[in-house]
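The values are calculated or read from the model by the stated rules, or taken from the named source; none is laboratory data. Keep in mind the model is a prediction, meaning the values are calculated, not measured. Positions of Cβ are generated from backbone atoms using ideal geometry, with glycine treated the same way; all protein chains shown enter the neighbour counts. All accessible areas refer to the heavy atoms of the entire protein, side chains included, with ligands and DNA or RNA removed. Shrake-Rupley method; radii C 1.70, N 1.55, O 1.52, S 1.80 Å.
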Amino acid sequence: MLNRKTIIKLTVVLAIPIALWNIPAPAGLAVDTWHLVAIYLGLLAGLIIKPMSEPIITLIIIGFGVMFMEPATLLSGYGDSMAWFLATVTIVCTAFVKTGLGRRMAYILLGRSGNSTLGLGYLMMLTDLILSPATGSNSSRTTIIYPIFRNIAEGVDSYPDKNPRKLGGYLTILSYIVSQSTSALFLTGMATNAITASLALEMLDIPLTWGTWFMAAVVPAGLVLLVGPFVVYKLYKPELTELTDVKIQAKENLEKMGSVTAAEKKLFIIFILAVLGWMFGPKLTFVALGTQNVGFVFLALVLVTGILNWNDVIGAKGAWNVFVWYGAFYGVASGLAEAGFYTWLADLLNKILDLSSVNGLLVTYVLLLVSLAVRYFFVSNSAFVASFFPVIFAIAMGTQADLMVLTLLLAFFASYGSWLTHYGNGAGLIAFASNYVSQKEFWKIGTIMVGVALIIFTVIGLPYWKLIGIW
(Lines give C-alpha, C1' and ligand atoms only; values in the text may rest on other atoms or scores of the structure.)
Protein backbone atom coordinates (compact mmCIF):
# COMPACT_ATOMS: atom_id res chain seq x y z
CA MET A 1 0.00 0.00 0.00
CA LEU A 2 1.26 3.46 -0.87
CA ASN A 3 2.00 5.67 2.12
CA ARG A 4 1.86 9.47 2.16
CA LYS A 5 5.62 9.90 1.69
CA THR A 6 5.70 7.59 -1.32
CA ILE A 7 2.71 9.35 -2.92
CA ILE A 8 4.39 12.75 -2.54
CA LYS A 9 7.65 11.49 -4.07
CA LEU A 10 5.82 9.76 -6.91
CA THR A 11 3.82 12.90 -7.63
CA VAL A 12 6.99 14.99 -7.87
CA VAL A 13 8.66 12.48 -10.17
CA LEU A 14 5.68 12.26 -12.54
CA ALA A 15 5.13 16.02 -12.46
CA ILE A 16 8.56 16.68 -13.99
CA PRO A 17 8.02 14.93 -17.35
CA ILE A 18 4.39 16.07 -17.52
CA ALA A 19 5.35 19.72 -16.97
CA LEU A 20 8.22 19.63 -19.46
CA TRP A 21 6.09 17.82 -22.00
CA ASN A 22 3.63 20.70 -22.05
CA ILE A 23 6.25 23.43 -22.27
CA PRO A 24 7.01 24.51 -25.87
CA ALA A 25 10.24 23.04 -27.22
CA PRO A 26 13.23 25.42 -27.09
CA ALA A 27 14.34 26.99 -30.36
CA GLY A 28 16.33 24.60 -32.51
CA LEU A 29 14.97 21.46 -30.85
CA ALA A 30 12.25 19.28 -32.40
CA VAL A 31 9.09 18.69 -30.38
CA ASP A 32 9.62 14.90 -30.32
CA THR A 33 13.17 15.40 -29.05
CA TRP A 34 11.94 17.73 -26.31
CA HIS A 35 9.38 15.12 -25.28
CA LEU A 36 12.20 12.58 -25.09
CA VAL A 37 14.11 15.01 -22.83
CA ALA A 38 11.02 15.13 -20.59
CA ILE A 39 10.98 11.32 -20.34
CA TYR A 40 14.71 11.23 -19.63
CA LEU A 41 14.51 13.80 -16.85
CA GLY A 42 11.55 11.92 -15.39
CA LEU A 43 13.63 8.72 -15.31
CA LEU A 44 16.55 10.63 -13.78
CA ALA A 45 14.27 12.16 -11.13
CA GLY A 46 12.92 8.69 -10.39
CA LEU A 47 16.42 7.37 -9.77
CA ILE A 48 17.29 10.31 -7.51
CA ILE A 49 14.06 10.78 -5.54
CA LYS A 50 13.31 7.06 -5.62
CA PRO A 51 9.64 6.82 -4.60
CA MET A 52 9.88 3.13 -5.51
CA SER A 53 12.66 0.79 -6.58
CA GLU A 54 14.49 1.67 -9.82
CA PRO A 55 12.81 -1.00 -12.01
CA ILE A 56 9.31 -0.12 -10.77
CA ILE A 57 9.56 3.64 -11.30
CA THR A 58 11.18 2.99 -14.68
CA LEU A 59 8.32 0.74 -15.80
CA ILE A 60 5.77 3.31 -14.59
CA ILE A 61 7.32 6.17 -16.57
CA ILE A 62 7.91 4.07 -19.68
CA GLY A 63 4.42 2.61 -19.30
CA PHE A 64 2.84 6.05 -19.52
CA GLY A 65 5.36 7.22 -22.10
CA VAL A 66 4.48 4.60 -24.71
CA MET A 67 0.95 6.02 -24.89
CA PHE A 68 2.34 9.18 -26.49
CA MET A 69 5.65 8.16 -28.07
CA GLU A 70 6.82 5.42 -30.39
CA PRO A 71 7.50 2.35 -28.16
CA ALA A 72 10.49 1.34 -30.28
CA THR A 73 12.29 4.53 -29.21
CA LEU A 74 11.66 4.08 -25.51
CA LEU A 75 12.40 0.35 -25.53
CA SER A 76 15.43 0.34 -27.84
CA GLY A 77 17.85 0.04 -24.93
CA TYR A 78 16.64 -3.48 -24.19
CA GLY A 79 18.22 -4.61 -27.44
CA ASP A 80 21.57 -3.03 -26.59
CA SER A 81 24.49 -5.36 -25.95
CA MET A 82 25.65 -3.37 -22.90
CA ALA A 83 22.33 -3.83 -21.09
CA TRP A 84 22.51 -7.57 -21.73
CA PHE A 85 26.20 -7.70 -20.78
CA LEU A 86 25.43 -6.22 -17.37
CA ALA A 87 22.70 -8.81 -16.89
CA THR A 88 24.82 -11.75 -18.04
CA VAL A 89 27.85 -10.98 -15.89
CA THR A 90 25.64 -10.43 -12.84
CA ILE A 91 24.01 -13.81 -13.47
CA VAL A 92 27.41 -15.46 -13.87
CA CYS A 93 28.43 -14.09 -10.47
CA THR A 94 25.84 -16.41 -8.89
CA ALA A 95 27.85 -19.38 -10.21
CA PHE A 96 30.69 -18.46 -7.87
CA VAL A 97 28.24 -18.60 -4.96
CA LYS A 98 26.49 -21.79 -6.05
CA THR A 99 29.67 -23.81 -6.60
CA GLY A 100 31.54 -22.37 -3.62
CA LEU A 101 34.47 -21.32 -5.83
CA GLY A 102 33.99 -17.71 -4.84
CA ARG A 103 34.25 -18.54 -1.14
CA ARG A 104 37.30 -20.73 -1.73
CA MET A 105 39.12 -18.00 -3.68
CA ALA A 106 38.08 -15.46 -1.05
CA TYR A 107 39.39 -17.59 1.84
CA ILE A 108 42.72 -18.15 0.05
CA LEU A 109 43.07 -14.46 -0.75
CA LEU A 110 42.04 -13.44 2.76
CA GLY A 111 44.62 -15.78 4.27
CA ARG A 112 47.37 -14.07 2.32
CA SER A 113 46.23 -10.50 2.97
CA GLY A 114 47.22 -8.17 5.80
CA ASN A 115 45.50 -7.96 9.17
CA SER A 116 43.39 -4.87 8.50
CA THR A 117 40.34 -4.11 6.38
CA LEU A 118 42.18 -1.14 4.91
CA GLY A 119 44.94 -3.50 3.83
CA LEU A 120 42.32 -5.65 2.17
CA GLY A 121 41.15 -2.59 0.27
CA TYR A 122 44.67 -2.00 -0.99
CA LEU A 123 44.85 -5.65 -2.03
CA MET A 124 41.77 -5.04 -4.19
CA MET A 125 43.46 -1.97 -5.65
CA LEU A 126 46.62 -3.95 -6.46
CA THR A 127 44.63 -6.73 -8.12
CA ASP A 128 42.82 -4.27 -10.36
CA LEU A 129 46.06 -2.41 -11.10
CA ILE A 130 47.79 -5.59 -12.30
CA LEU A 131 44.96 -6.41 -14.70
CA SER A 132 44.28 -2.87 -15.94
CA PRO A 133 47.01 -2.34 -18.59
CA ALA A 134 45.94 -5.47 -20.49
CA THR A 135 42.17 -5.44 -19.88
CA GLY A 136 40.63 -2.72 -22.01
CA SER A 137 37.31 -2.83 -20.17
CA ASN A 138 36.94 -1.83 -16.55
CA SER A 139 33.54 -3.53 -16.54
CA SER A 140 35.36 -6.77 -17.32
CA ARG A 141 37.85 -6.19 -14.51
CA THR A 142 35.02 -5.57 -12.07
CA THR A 143 33.38 -8.78 -13.26
CA ILE A 144 36.61 -10.62 -12.48
CA ILE A 145 37.53 -8.96 -9.19
CA TYR A 146 34.33 -7.93 -7.41
CA PRO A 147 32.78 -11.42 -6.96
CA ILE A 148 35.93 -12.59 -5.18
CA PHE A 149 35.94 -9.71 -2.70
CA ARG A 150 32.18 -9.91 -2.27
CA ASN A 151 32.68 -13.51 -1.17
CA ILE A 152 35.17 -12.30 1.41
CA ALA A 153 32.42 -10.04 2.78
CA GLU A 154 29.92 -12.89 2.81
CA GLY A 155 32.51 -15.05 4.53
CA VAL A 156 32.37 -12.70 7.52
CA ASP A 157 28.55 -12.64 7.52
CA SER A 158 28.19 -9.35 5.61
CA TYR A 159 25.34 -9.51 3.10
CA PRO A 160 23.27 -6.83 1.30
CA ASP A 161 20.34 -7.50 3.64
CA LYS A 162 22.39 -8.44 6.69
CA ASN A 163 25.32 -6.47 8.12
CA PRO A 164 26.14 -4.64 4.84
CA ARG A 165 28.29 -2.09 6.67
CA LYS A 166 30.37 -4.78 8.35
CA LEU A 167 32.55 -5.18 5.24
CA GLY A 168 30.57 -5.61 2.02
CA GLY A 169 29.57 -1.97 1.64
CA TYR A 170 33.17 -0.76 1.84
CA LEU A 171 34.44 -3.29 -0.69
CA THR A 172 31.53 -2.57 -3.04
CA ILE A 173 31.95 1.18 -3.33
CA LEU A 174 35.73 0.78 -3.34
CA SER A 175 35.55 -1.54 -6.35
CA TYR A 176 34.01 1.31 -8.36
CA ILE A 177 36.51 3.90 -7.11
CA VAL A 178 39.45 1.63 -7.87
CA SER A 179 38.12 0.57 -11.27
CA GLN A 180 37.80 4.16 -12.51
CA SER A 181 41.18 5.07 -10.99
CA THR A 182 43.07 2.36 -12.86
CA SER A 183 41.11 3.26 -16.01
CA ALA A 184 42.60 6.75 -15.89
CA LEU A 185 46.14 5.51 -15.30
CA PHE A 186 46.64 3.73 -18.63
CA LEU A 187 45.57 4.48 -22.19
CA THR A 188 44.59 0.81 -22.42
CA GLY A 189 42.81 0.84 -19.05
CA MET A 190 39.40 1.62 -20.57
CA ALA A 191 38.04 1.47 -24.12
CA THR A 192 36.83 5.07 -23.90
CA ASN A 193 40.42 6.32 -23.60
CA ALA A 194 41.09 5.33 -27.20
CA ILE A 195 38.16 7.49 -28.34
CA THR A 196 39.59 10.45 -26.44
CA ALA A 197 43.02 9.94 -28.01
CA SER A 198 41.51 9.62 -31.49
CA LEU A 199 39.47 12.83 -31.13
CA ALA A 200 42.46 14.73 -29.73
CA LEU A 201 44.58 13.74 -32.72
CA GLU A 202 41.85 14.41 -35.27
CA MET A 203 40.62 17.76 -33.94
CA LEU A 204 43.60 19.25 -32.08
CA ASP A 205 46.54 17.46 -33.70
CA ILE A 206 47.61 16.25 -30.25
CA PRO A 207 49.09 12.71 -30.27
CA LEU A 208 48.33 10.87 -27.02
CA THR A 209 50.54 7.78 -27.18
CA TRP A 210 50.57 5.09 -24.48
CA GLY A 211 53.83 6.51 -23.14
CA THR A 212 52.64 10.14 -23.16
CA TRP A 213 49.43 9.15 -21.40
CA PHE A 214 51.25 7.16 -18.71
CA MET A 215 53.91 9.80 -18.14
CA ALA A 216 51.23 12.44 -17.57
CA ALA A 217 49.13 10.12 -15.40
CA VAL A 218 51.71 8.36 -13.25
CA VAL A 219 51.99 11.05 -10.56
CA PRO A 220 48.52 12.67 -10.26
CA ALA A 221 46.43 9.66 -11.33
CA GLY A 222 48.75 7.40 -9.34
CA LEU A 223 48.06 9.50 -6.24
CA VAL A 224 44.29 9.36 -6.83
CA LEU A 225 44.55 5.57 -7.04
CA LEU A 226 46.73 5.43 -3.93
CA VAL A 227 44.49 7.56 -1.70
CA GLY A 228 41.25 5.97 -2.94
CA PRO A 229 41.07 3.05 -0.49
CA PHE A 230 41.95 5.32 2.44
CA VAL A 231 39.43 8.05 1.55
CA VAL A 232 36.62 5.52 1.07
CA TYR A 233 37.65 3.85 4.33
CA LYS A 234 37.19 7.16 6.14
CA LEU A 235 33.94 8.07 4.36
CA TYR A 236 32.30 4.65 4.60
CA LYS A 237 34.26 2.93 7.34
CA PRO A 238 33.43 -0.76 7.70
CA GLU A 239 32.41 -2.07 11.10
CA LEU A 240 35.04 -4.78 10.77
CA THR A 241 38.49 -3.18 10.89
CA GLU A 242 40.78 -6.01 12.03
CA LEU A 243 41.09 -9.31 10.16
CA THR A 244 43.29 -11.32 12.53
CA ASP A 245 40.46 -13.45 13.91
CA VAL A 246 38.75 -13.54 10.54
CA LYS A 247 41.85 -14.98 8.90
CA ILE A 248 41.90 -17.80 11.42
CA GLN A 249 38.23 -18.47 10.73
CA ALA A 250 38.89 -18.31 6.98
CA LYS A 251 41.56 -20.98 7.28
CA GLU A 252 39.19 -23.22 9.23
CA ASN A 253 36.40 -22.67 6.72
CA LEU A 254 38.74 -23.49 3.85
CA GLU A 255 39.61 -26.78 5.53
CA LYS A 256 35.92 -27.54 6.07
CA MET A 257 35.24 -27.04 2.36
CA GLY A 258 37.48 -30.01 1.61
CA SER A 259 38.77 -30.82 -1.83
CA VAL A 260 37.91 -28.76 -4.88
CA THR A 261 34.70 -30.09 -6.46
CA ALA A 262 34.19 -30.89 -10.14
CA ALA A 263 31.85 -27.90 -10.51
CA GLU A 264 34.50 -25.59 -9.04
CA LYS A 265 37.13 -26.95 -11.42
CA LYS A 266 34.88 -26.42 -14.44
CA LEU A 267 33.98 -22.90 -13.34
CA PHE A 268 37.62 -22.03 -12.68
CA ILE A 269 38.64 -23.14 -16.18
CA ILE A 270 35.78 -21.14 -17.73
CA PHE A 271 36.71 -18.16 -15.53
CA ILE A 272 40.33 -18.23 -16.77
CA LEU A 273 39.10 -18.47 -20.36
CA ALA A 274 36.88 -15.42 -19.76
CA VAL A 275 39.79 -13.44 -18.30
CA LEU A 276 41.94 -14.34 -21.32
CA GLY A 277 39.04 -13.42 -23.60
CA TRP A 278 38.68 -9.99 -22.02
CA MET A 279 42.41 -9.41 -22.18
CA PHE A 280 43.23 -10.70 -25.66
CA GLY A 281 39.89 -11.33 -27.40
CA PRO A 282 39.82 -8.00 -29.31
CA LYS A 283 43.19 -8.91 -30.83
CA LEU A 284 41.76 -12.06 -32.46
CA THR A 285 40.50 -10.78 -35.79
CA PHE A 286 38.99 -14.10 -36.95
CA VAL A 287 36.32 -14.14 -34.22
CA ALA A 288 34.20 -11.46 -32.52
CA LEU A 289 35.35 -11.43 -28.90
CA GLY A 290 34.67 -7.94 -27.66
CA THR A 291 33.86 -7.22 -24.02
CA GLN A 292 30.14 -7.94 -24.29
CA ASN A 293 30.66 -11.01 -26.47
CA VAL A 294 32.96 -12.62 -23.94
CA GLY A 295 30.32 -12.05 -21.25
CA PHE A 296 27.72 -13.89 -23.34
CA VAL A 297 30.13 -16.78 -24.05
CA PHE A 298 30.97 -16.93 -20.32
CA LEU A 299 27.30 -17.37 -19.45
CA ALA A 300 26.76 -19.87 -22.28
CA LEU A 301 29.61 -22.07 -21.05
CA VAL A 302 28.35 -21.92 -17.47
CA LEU A 303 24.92 -23.05 -18.69
CA VAL A 304 26.07 -25.75 -21.10
CA THR A 305 28.27 -27.33 -18.42
CA GLY A 306 25.33 -27.43 -16.02
CA ILE A 307 26.93 -25.17 -13.42
CA LEU A 308 23.84 -22.94 -13.57
CA ASN A 309 20.31 -23.83 -14.69
CA TRP A 310 17.26 -21.80 -15.72
CA ASN A 311 16.04 -21.41 -12.14
CA ASP A 312 19.40 -19.88 -11.25
CA VAL A 313 19.12 -17.48 -14.18
CA ILE A 314 15.63 -16.22 -13.37
CA GLY A 315 16.50 -16.11 -9.68
CA ALA A 316 19.29 -13.56 -10.22
CA LYS A 317 17.16 -10.58 -9.16
CA GLY A 318 20.00 -8.10 -9.20
CA ALA A 319 20.69 -8.86 -12.86
CA TRP A 320 17.11 -8.30 -13.97
CA ASN A 321 16.72 -5.19 -11.79
CA VAL A 322 19.66 -3.56 -13.56
CA PHE A 323 18.49 -4.75 -16.96
CA VAL A 324 15.02 -3.22 -16.56
CA TRP A 325 16.01 0.27 -15.43
CA TYR A 326 19.33 0.58 -17.27
CA GLY A 327 17.86 -0.69 -20.54
CA ALA A 328 15.19 2.03 -20.50
CA PHE A 329 17.64 4.71 -19.38
CA TYR A 330 20.18 3.77 -22.05
CA GLY A 331 17.54 3.58 -24.75
CA VAL A 332 16.21 7.07 -24.06
CA ALA A 333 19.75 8.49 -23.84
CA SER A 334 20.63 6.88 -27.18
CA GLY A 335 17.43 8.32 -28.66
CA LEU A 336 18.49 11.78 -27.53
CA ALA A 337 21.87 11.31 -29.20
CA GLU A 338 20.28 10.18 -32.48
CA ALA A 339 17.85 13.10 -32.38
CA GLY A 340 20.72 15.57 -32.06
CA PHE A 341 19.98 16.75 -28.52
CA TYR A 342 23.63 16.73 -27.45
CA THR A 343 24.64 18.66 -30.57
CA TRP A 344 21.94 21.21 -29.78
CA LEU A 345 23.14 21.41 -26.17
CA ALA A 346 26.70 21.87 -27.39
CA ASP A 347 25.72 24.72 -29.71
CA LEU A 348 23.81 26.35 -26.86
CA LEU A 349 26.83 26.12 -24.57
CA ASN A 350 29.04 27.47 -27.32
CA LYS A 351 26.83 30.57 -27.61
CA ILE A 352 26.63 31.09 -23.84
CA LEU A 353 30.30 30.50 -23.13
CA ASP A 354 32.22 33.24 -24.91
CA LEU A 355 35.65 32.49 -23.46
CA SER A 356 37.87 34.01 -26.12
CA SER A 357 39.27 36.74 -23.84
CA VAL A 358 39.33 34.79 -20.57
CA ASN A 359 42.51 33.53 -18.90
CA GLY A 360 43.52 30.19 -20.44
CA LEU A 361 43.77 28.22 -17.20
CA LEU A 362 40.39 29.54 -16.06
CA VAL A 363 38.92 28.49 -19.41
CA THR A 364 40.36 25.01 -18.92
CA TYR A 365 38.64 24.60 -15.56
CA VAL A 366 35.36 26.07 -16.76
CA LEU A 367 35.25 23.56 -19.62
CA LEU A 368 36.30 20.73 -17.31
CA LEU A 369 33.52 21.59 -14.85
CA VAL A 370 31.00 21.81 -17.69
CA SER A 371 32.05 18.34 -18.82
CA LEU A 372 31.45 17.03 -15.29
CA ALA A 373 28.09 18.80 -14.94
CA VAL A 374 26.62 17.15 -18.04
CA ARG A 375 27.61 13.65 -16.89
CA TYR A 376 24.18 13.18 -15.32
CA PHE A 377 22.78 13.05 -18.87
CA PHE A 378 24.96 10.13 -19.93
CA VAL A 379 24.69 6.42 -19.11
CA SER A 380 27.76 5.46 -21.11
CA ASN A 381 31.31 6.73 -20.85
CA SER A 382 31.96 6.11 -24.52
CA ALA A 383 28.79 7.93 -25.57
CA PHE A 384 29.77 10.88 -23.39
CA VAL A 385 33.27 11.20 -24.84
CA ALA A 386 32.23 10.59 -28.45
CA SER A 387 29.38 13.11 -28.37
CA PHE A 388 30.58 15.80 -25.98
CA PHE A 389 34.37 16.03 -26.25
CA PRO A 390 34.18 17.35 -29.83
CA VAL A 391 32.07 20.20 -28.44
CA ILE A 392 34.59 21.00 -25.72
CA PHE A 393 37.47 20.82 -28.19
CA ALA A 394 35.67 23.09 -30.65
CA ILE A 395 35.01 25.69 -27.94
CA ALA A 396 38.59 25.45 -26.66
CA MET A 397 40.19 26.12 -30.04
CA GLY A 398 38.94 29.71 -29.95
CA THR A 399 40.35 30.42 -26.48
CA GLN A 400 43.69 30.96 -24.75
CA ALA A 401 43.55 27.54 -23.06
CA ASP A 402 46.57 25.24 -23.35
CA LEU A 403 45.03 22.49 -25.47
CA MET A 404 47.38 19.77 -24.21
CA VAL A 405 46.52 20.50 -20.56
CA LEU A 406 42.82 20.63 -21.33
CA THR A 407 42.96 17.39 -23.30
CA LEU A 408 44.76 15.53 -20.52
CA LEU A 409 42.40 16.79 -17.83
CA LEU A 410 39.38 15.82 -19.90
CA ALA A 411 40.92 12.44 -20.66
CA PHE A 412 41.49 11.57 -17.00
CA PHE A 413 38.22 13.03 -15.74
CA ALA A 414 36.32 11.02 -18.32
CA SER A 415 37.05 8.19 -15.87
CA TYR A 416 36.66 10.10 -12.62
CA GLY A 417 33.46 11.82 -13.76
CA SER A 418 31.73 8.43 -13.77
CA TRP A 419 31.88 8.51 -9.96
CA LEU A 420 29.21 11.21 -9.91
CA THR A 421 26.53 8.59 -10.59
CA HIS A 422 26.18 4.82 -10.36
CA TYR A 423 25.16 4.57 -14.02
CA GLY A 424 28.06 6.48 -15.55
CA ASN A 425 30.00 3.31 -16.26
CA GLY A 426 29.32 -0.42 -16.40
CA ALA A 427 31.68 -1.09 -13.50
CA GLY A 428 29.50 1.01 -11.22
CA LEU A 429 26.34 -0.77 -12.30
CA ILE A 430 27.85 -4.18 -11.58
CA ALA A 431 28.82 -3.11 -8.07
CA PHE A 432 25.60 -1.20 -7.44
CA ALA A 433 23.49 -4.20 -8.50
CA SER A 434 24.69 -6.07 -5.40
CA ASN A 435 22.58 -3.71 -3.23
CA TYR A 436 25.27 -3.34 -0.57
CA VAL A 437 25.39 0.45 -0.90
CA SER A 438 22.48 2.86 -1.35
CA GLN A 439 22.31 5.20 -4.33
CA LYS A 440 22.66 8.19 -2.01
CA GLU A 441 25.94 6.88 -0.60
CA PHE A 442 27.18 5.91 -4.05
CA TRP A 443 26.64 9.45 -5.34
CA LYS A 444 27.94 11.15 -2.18
CA ILE A 445 31.19 9.20 -1.99
CA GLY A 446 31.69 9.45 -5.75
CA THR A 447 31.21 13.21 -5.72
CA ILE A 448 33.70 13.62 -2.88
CA MET A 449 36.22 11.48 -4.77
CA VAL A 450 35.81 13.70 -7.85
CA GLY A 451 36.64 16.64 -5.58
CA VAL A 452 39.70 14.82 -4.26
CA ALA A 453 40.86 14.14 -7.81
CA LEU A 454 40.36 17.80 -8.78
CA ILE A 455 42.50 18.93 -5.83
CA ILE A 456 45.27 16.43 -6.61
CA PHE A 457 45.43 17.35 -10.29
CA THR A 458 45.36 21.08 -9.49
CA VAL A 459 47.87 21.13 -6.64
CA ILE A 460 50.21 18.36 -7.82
CA GLY A 461 49.29 17.40 -11.37
CA LEU A 462 49.67 20.79 -13.07
CA PRO A 463 53.05 21.61 -11.45
CA TYR A 464 54.25 18.09 -12.31
CA TRP A 465 53.22 18.55 -15.95
CA LYS A 466 55.05 21.88 -15.95
CA LEU A 467 58.15 20.15 -14.57
CA ILE A 468 58.24 17.46 -17.25
CA GLY A 469 57.52 19.92 -20.05
CA ILE A 470 53.96 19.05 -20.99
CA TRP A 471 53.01 22.74 -20.95
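Before moving on, here are some points about what is shown:
- Over the stretch 322-400, relative contact order from alpha-carbon pairs under 8 Å, at least 6 apart, %: 47 percent
- Note on residue 394 and residue 201: the model spin-label points, each 7 Å out from Cα along the C-beta direction, lie 2.3 nm apart.
- Computed extension gain for residue 23 through residue 108, at 0.36 nm per residue and net of the alpha carbon distance, reaches 24.6 nm.
- Structure-derived volume of the Cα convex hull per residue in Å³: which label, when the choices are (1) 137; (2) 158; (3) 167: (2)
- Heavy-atom accessible surface of the chain: percent carbon and sulfur, 1.4 Å: 66 percent
- Value of relative contact order over the stretch 206-320, rounded to a whole percent, pairs C-alpha under 8 Å and six or more apart: 16 percent
- Along the stretch 119-130 the Karplus relation, 6.51 cos²θ - 1.76 cosθ + 1.60 evaluated at θ = phi - 60°, assigns HN-Hα couplings of x, 5, x, 5, 5, 4, 4, 5, 4, 5, 4, 5 Hz to successive residues, with x for each Gly and Pro.
- Relative contact order for the chain: 24 percent, from Cα pairs under 8 Å spaced at least 6 residues apart, divided by residue count.
- The Kirkwood radius of the stretch 52-196, taken over pairs of alpha-carbon atoms, gives through the Stokes-Einstein law at 4 °C and 1.567 mPa s a diffusion coefficient of 75 µm² s⁻¹.
- Heavy-atom accessible area order for 172, 6, largest first, 1.4 Å probe: 6, 172
- Computed from the alpha carbon atoms alone, the convex hull of the stretch 315-385 holds 94 Å³ per residue.
- Stokes-Einstein D (µm²/s) once Rh is taken as the Kirkwood radius of the stretch 129-204 over alpha-carbon pairs, at 4 °C in 1.567 mPa s: 95 µm²/s
- Looking at the chain, the accessible area is 41 square angstrom per residue; that uses a 1.4 Å probe and ignores ligands, DNA and RNA.
- Converting phi to 3J(HN,Hα) with the Karplus coefficients 6.51, -1.76 and 1.60 and the offset θ = phi - 60°, the stretch 28-42 yields x, 10, 5, 4, 4, 5, 4, 5, 5, 4, 4, 5, 4, 5, x Hz in sequence order, with x at every glycine or proline.
- The convex hull defined by the C-alpha atoms of the stretch 293-349 has an orientation-averaged projected area of 5.6 nm².
- Dimensionless Rg ratio for the stretch 391-471, taking C-alpha atoms and the 2.2 N^0.38 Å reference: 1.34
- Prolate/oblate/rounded call for the stretch 206-245, Cα gyration tensor, a/c under 1.5 rounded: prolate
- Accessible-area ranking of 402, 347, largest first, probe 1.4 Å: 347, 402
- What the pair-distance distribution of the stretch 289-435 shows, using all Cα-Cα distances binned every 10 Å from zero, is 10, 32, 28, 17, 9, 4, 0 percent.
- Globularity ratio of the stretch 184-279, using Cα Rg and 2.2 N^0.38 Å: 1.70
- Charged neighbours of residue 124, selected by a Cβ distance under 14 Å, balance to +2 (K, R count +1; D, E count -1).
- Average silhouette area of the stretch 91-173, convex hull of alpha-carbon atoms, in square nanometres: 5.5 nm²
- Dimensionless Rg ratio for the stretch 122-163, taking C-alpha atoms and the 2.2 N^0.38 Å reference: 1.32
- Panel note: the C-alpha atoms of the stretch 1-90, placed on their principal axes, show extents of 43, 38, 21 Å (largest first).
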